[in-house]
Amino acid sequence: MLGSRKQSVLAVLALFPFFSRNLSKEDIEIKQFISRKFGYSVKKIFYFKKALTHKSYANNKGERSNERLEFLGDAILDATIAEHLFIRFKEGDEGYLTKIKSKLVNRRTLSKIAREMEMNTMMRYSKGRSINLATIEGNAFEAIIGAIYLDGGYKAAKKSVIAHVLKKYINFNEILEEEIDFKSKLFIWSQKNKVNLRFEVVEEENKGNSWVYTVKVFVNDQEFGMGSGSSKKKAEQSAAKETIELIGG
């Protein structure tokens, strides 16, 4: 009888890890924060306490800071966003994808995301020192991505970044509208109007010491603008400009 009752109690405790693992109030708050902001259920709280620990706090307590996790998170964030952009912008070339990715993972954007998440309310840092809070918030954000990777694997980290961070805290139209070239403007238009956009090199002519490329733009497989240039990129810009004029953009 006692044995079965003990088993029942253990089964109930297993459903409430906050109690069964003797977590502190701080631990519980961190778990709730990660769940609410990143959509991830923490398994090992150690990684996440470390991710929120700035060196100004760690040095005073004899602990290690979040710098190693920040390094890891930076790489994971870069990979997940690169994959997402590769899939989302099927006709975007390497240069275009690189431009967009750099806007998503730069220090200003990461600090903005961390500020909107109210990361400072969870961070462990020395408040008596002169510290650039925006910078350490952005660093902590990257460290948390690293912590999710170690705690749950790449798929969990990717899901958190794509389904929660980008969805809640990134305005893609705003990011895209910062681009000023014609090709980028055309991509913005295609995204807003949900049409397929394709650039196709239709001619390459050798002029002796140089080449001339001719590119056509297809919208939903219908031919629109055409342009030429001494490089494929220049020809694409010319074709994009003519297409924008044709669609009245």
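Derivation of every value follows stated rules applied to the coordinates shown; laboratory data play no part. What you see is a predicted model, and the numbers here were worked out from it, not measured in a lab.
Near LYS207, which lysines are there with a Cα under 23 Å away, not counting those fewer than 8 places off in the same chain?
LYS207 reaches LYS216, LYS232, LYS233, LYS234.
How long, wide and thick is region 65-104, going by the Cα atoms along their three principal axes, in whole angstroms, largest first?
That works out to 41, 15, 12 Å along the principal axes.
Of the labelled options (i) -0.32, -0.68, -1.24; (ii) -0.33, -0.75, -1.36; (iii) -0.47, -0.79, -1.16, which one gives log10 I(q)/I(0) by the Debye sum over Cα atoms at q = 0.08, 0.12, 0.17 Å⁻¹ as computed for this structure?
Answer by label: (iii).
Just the ratio, please: alpha-carbon radius of gyration of region 182-246 over 2.2 N^0.38 Å, N its number of residues.
On the way: Rg = 12.0 Å, N = 65, 2.2 N^0.38 = 10.7 Å.
Normalised Cα radius of gyration, region 182-246: 1.12.
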